[in-house]
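This report concerns only the one structure given below.
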Amino acid sequence: MLRQETDNFIITSGRAAQNLKHIINYFYIKPVLTIKEISTETSISERTARNLIDVLIEKRLIKETTGNKRNRIFTFERYLNLFKK
C-alpha cells in the first residue's frame, strides 16, 4: 500500500518524476538520509534534492527529524513503521 501510494505520487509529479523516483527508491534502501547522501547516491544536485525533499515532506511521505536548518536528517518513517508492527 505504501509503495503504491508513493508510485502514484511519482507518476503525477510531472518533470520531477524521475528524480523523485530515484530519491524514493534510495529511501527504501536506506530510510534515514541527509541531503548530501541523497545527492551523492542519486547524482542529483544538492539544490534539486533539497527542493524535492521539501515536496516529499509537504506530502508527508518523509519527515525531517532534527529541527535544524543545516545538516538535516530525513526519515522515511512510514516505511520504518512497517517493521515495528
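Annotations
- Across segment 6-15, not a single residue is classified as under 17 Å from ARG78 (Cα atoms), in contact with a helix residue (DSSP H, G or I) (Cβ under 9 Å, 6 or more places away or on another chain) and at pLDDT 95 or above.
- Test: residue in segment 50-64 that is touching a residue at least 60 places away in the same chain (Cβ under 8 Å) and surrounded by 14 or more Cβ atoms within 10 Å (Cβ to Cβ): no
- Being in contact with an Asp or Glu (Cβ under 6 Å, 6 or more places away or on another chain) and without any contact (Cβ under 8 Å) to a residue 12 or more places away in the chain holds for only one residue in SER45, SER39, and it is SER39.
- Among the residues of segment 26-81, those identified as closer than 23 Å to THR12 by Cβ, assigned to a loop (DSSP other than H, G, I, E, B) and either of a type in the set (D, E, K, R) or modelled with pLDDT under 95 (or both) are LYS59, ARG60, LEU61.
The values are calculated or read from the model by the stated rules, or taken from the named source; none is laboratory data. Just so you know, these numbers come straight off a predicted model, no measurement behind them. In this analysis, Cβ positions are derived from the backbone assuming ideal geometry, glycine residues included, and neighbour counts consider all displayed protein chains.
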